[in-house]
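Asks: For reference, the structure I am asking about is given below.
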Amino acid sequence: MKTPVAIIGGGPGGSASAMFLLREGIKPVIIEKTSFPRYHIGESMSGECGAVLRVLGLEPDMLSRKHPIKHGLHVFGQAKGSWWVPVMARGDDGNLQFQSTWQVPRAEFDQALQDEAVARGATLIQARATRPLLRDDGAVRGVEVRMADGGTQEIESELLLDCSGQSTFLANAGVTGPKYLGSYDKQIAIFSQIKGGIRDVGGTRETAPGNTLIFYKKKYHWAWWIPIDDETTSVGIVCPAAYFVEQKESKAAFITRELHELHPELKRRIPEVKLVEEARAIPNYSYQVRGFCGKGFLCIGDAHRFIDPIFSFGLFIAVKEAQRVAPLVKAYLDGANRDAPNPFADYQLACEQGLDVLEDTIVLGAPARVWHAVAPALLGPDHRCVCRPHLREPALADRDRFPQAA
């Protein structure tokens, strides 16, 4: 089988890549090993993630599905009181403006995105990628897959997009540069879902029932509240991993107790804790893949950089990178930079610099509100990450610009 572009992974990164490529006149093949729908964390979209969906023309579908609309987040601190952080966008004139986004049950959302990619012309193959196909000079020329019946098939492509997420297919196959872990504090998130929580009543942006709520007990011990449909709310506890181990509780018992002990306002909103989803855990870690672009291949989203599992940046990064690479892929297929050692070197550098600034901000340990204060400063008028040639100093400087958020 031959295709101009083969995409490994049918999650949001793969589906968005397919749709943006179709806008460029390129019909890709998506290879996905898992039958959708499937559970996934990361339900709260950033404002810029919502903006990318609007570019894809998906707003009517998002509204028809009645996903909760997120206008911002309320942060409840250790002392009494709270503060409000609106969802913002940077307009073409460089000024900030209000926008809204959505909260989504990822099983439903990921399925809908994949279905839309297929409806628009992408081909979906239910198979597991087993190994990349390489030319004599090391360039990628496609991928071998194992079909559902156990047989194998070679899919030849001019370009292979790795959207395999944390599976990091090409990195594990040794096609990219090395993969290494980041250096975050050892935290853990324990999360589940509840029904019947007390939400705000609406009427203003600040009191919209679909907003995210954050509750702090202390700097590294806090909880999230993310409405994902009319009745269901995603809830999670983030704390030092050592603290969780010290409690000697099951994940379900731990989160049930914490939801009533962490913050009085959180307890008020959940009079009786009844979990309606399995309690799960994920450690707070990061990784990065060097050399994630090259002859015949390009990695998207978590396939080359996993910044943080807790603050829901992964979904935005995946769909934004999908948008940015589509015209570069079109140019490559038309012959641009075919003889270069790395046809996508400029894109790779810009991507690394922008994401380094974001990771520096998280590593500094600022609370949730600083993400939303700093993020607009990292985005150009067309929502692109601004390249920072000196990575550490700009991140510190950005924090100094928002002392009220630190």
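Asks: Can you return the aspartates and glutamates within cross-link range of Lys2? Criterion is Cα-Cα under 14 Å, with same-chain partners fewer than 8 residues away left out.
Replies: Glu144, Glu154, Glu156, Glu158
Asks: For helix 106-119, what angle does its Cα long axis make with the longest principal axis of the chain, in degrees from 0 to 90 and rounded to 10?
Replies: Between helix and principal axis, roughly 30 degrees.
Asks: Can you classify the chain as rounded, prolate or oblate using the Cα gyration tensor, where a ≥ b ≥ c are the square roots of its eigenvalues, rounded means a/c under 1.5, and otherwise it's prolate if a/b beats b/c and oblate if not? The partial results should precede the final answer.
Replies: Details: a/c = 1.71, a/b = 1.54, b/c = 1.11.
It comes out prolate by the Cα gyration axes.
Asks: Give the residue list of trypsin sites (Lys or Arg not before Pro) in segment 71-132 that are DSSP loop and have at most 12 other beta-carbon atoms within 10 angstrom.
Replies: Values: sites: Lys80, Arg90, Arg106, Arg120, Arg128; in loops: Lys80, Arg120.
Of the trypsin sites (Lys or Arg not before Pro), the ones in loops of segment 71-132 whose Cβ has at most 12 other Cβ atoms within 10 Å are Lys80.
Asks: Rounded, prolate or oblate for segment 127-199? Axes are the square roots of the Cα gyration tensor eigenvalues, ordered a ≥ b ≥ c, and the cut-off for rounded is a/c under 1.5.
Replies: Working: a/c = 3.42, a/b = 1.75, b/c = 1.95.
Oblate, since a/c reaches 1.5 and b/c is not below a/b.
Asks: How large is the helix-only mean residue ellipticity at 222 nm for the chain, computed as the sum of -39500 (n - 2.57) over DSSP H runs with n ≥ 4, divided by its residue count, in deg cm²/dmol to the nearest 500?
Replies: Details: 12 runs with 126 residues, N = 406.
Mean residue ellipticity, 222 nm, calculated: -9500 deg cm²/dmol.
Asks: On a C-alpha basis, how far is the centre of segment 22-52 from the centre of segment 57-101 in Å? Whole number, if you could?
Replies: That distance is 21 Å.
Asks: Straight-line reach from Lys80: which lysines fall under 19 Å, measuring Cα to Cα and dropping same-chain residues less than 8 apart?
Replies: Candidates past the 8-residue exclusion: Lys217, Lys218, Lys219, Lys267.
Asks: Of the listed pairs Lys70/Lys274; Lys186/Lys248; Lys70/Lys330; Lys70/Lys179, which have alpha-carbon separations greater than 28 Å here? Walk me through the numbers before you get to the answer.
Replies: On the way: Lys70/Lys274 24 Å; Lys186/Lys248 17 Å; Lys70/Lys330 34 Å; Lys70/Lys179 35 Å.
Among Lys70/Lys274; Lys186/Lys248; Lys70/Lys330; Lys70/Lys179, the Cα-Cα distance tops 28 Å for Lys70/Lys330; Lys70/Lys179.
Asks: Given a cut-off of under 8 Å on Cα pairs at least six residues apart, what relative contact order in percent is computed for the chain? Before the final figure, lay out the partial values.
Replies: Values: 855 pairs, mean separation 83.2, N = 406.
Relative CO of the chain lands at 20 percent.
Asks: While we're here: Setting aside same-chain residues fewer than 8 positions from Lys251, which aspartates and glutamates have a Cα under 17 Å from its Cα?
Replies: Glu261, Glu277, Glu278
Asks: By counting other Cβ atoms within 10 Å of each Cβ, how are Ser234, Ser286 ranked from fewest to most?
Replies: Numbers: Ser234 23, Ser286 17.
So the residues, fewest neighbours to most, are Ser286, Ser234.
Asks: Assuming 0.36 nm per residue, please report the length gained on full extension of the stretch Ala148 to Ala336 beyond their Cα-Cα distance.
Replies: Numbers: separation 188, 0.36 × 188 = 67.68 nm, distance 3.66 nm.
Additional length available on full extension: 64.0 nm.
Asks: Next up: Give the residues of segment 19-36 whose amide nitrogen is closer than 19 Å to a point set 7 Å from the Cα of Gln126 in the direction of its Cβ.
Replies: Only 29-36 fall inside the zone, counting backbone N under 19 Å.
Asks: Using the Karplus equation 6.51 cos²θ - 1.76 cosθ + 1.60 (θ = phi - 60°), what ³J(HN,Hα) coupling, rounded to whole Hz, does each residue of segment 344-361 give in order, writing x for Gly and Pro?
Replies: Those phi angles translate into 10, 4, 5, 5, 4, 5, 4, 5, 4, 5, x, 6, 4, 4, 5, 5, 4, 4 Hz.
Asks: So, one more: In segment 42-76, which trypsin sites (Lys or Arg not before Pro) fall in coil by DSSP and have 12 or fewer other Cβ atoms within 10 Å?
Replies: Working: sites: Arg54, Arg65, Lys66, Lys70; in loops: Arg65, Lys66.
Listed in order of number, the matching sites are Lys66.
Asks: Another question, if that's okay. Of all trypsin sites (Lys or Arg not before Pro) in segment 167-231, which ones are in loop regions per DSSP and have a Cβ with at most 14 other Cβ atoms within 10 Å? All intermediate terms of the calculation are to be shown ahead of the outcome.
Replies: Values: sites: Lys179, Lys186, Lys195, Arg199, Arg205, Lys217, Lys218, Lys219; in loops: Lys186, Arg199, Arg205, Lys219.
Here the sparse-neighbourhood loop sites are Lys186, Lys219.
Asks: At R0 = 45 Å, how high is the FRET efficiency between Leu181 and Val201 if r is their beta carbon distance? Nearest 0.05 is fine. Walk me through the intermediate numbers first.
Replies: Details: r = 44 Å, r/R0 = 0.98.
My answer for the efficiency is 0.55.
Asks: Could you list Ser44, Ser17 so that the one with the fewest beta carbons within 10 Å of its beta carbon is first and the one with the most is last?
Replies: With the fewest neighbours first, Ser44, Ser17 line up as Ser44, Ser17.
Asks: A further question on this structure: Would you mind checking the tilt of helix 251-261 against the longest principal axis of the Cα atoms of the chain, expressed as 0 to 90 degrees and rounded to 10?
Replies: 40
Asks: Of His40, His260, how do they rank once you tally other Cβ atoms within 10 Å and put the fewest first?
Replies: Values: His40 18, His260 15.
The most exposed by this proxy come first: His260, His40.
Asks: For the pair Ala139 and Ala252, what calculated FRET efficiency results from E = 1/(1 + (r/R0)^6), where r is the Cβ-Cβ distance and R0 = 51 Å, to the nearest 0.05? Walk me through the intermediate numbers first.
Replies: Values: r = 49 Å, r/R0 = 0.97.
Calculated transfer efficiency: 0.55.
None of the figures in this text is laboratory data; all of them are computed from the coordinates on show. All figures in this text were calculated on a predicted structure; none of them were measured in a lab. Positions of Cβ are generated from backbone atoms using ideal geometry, with glycine treated the same way; all protein chains shown enter the neighbour counts.
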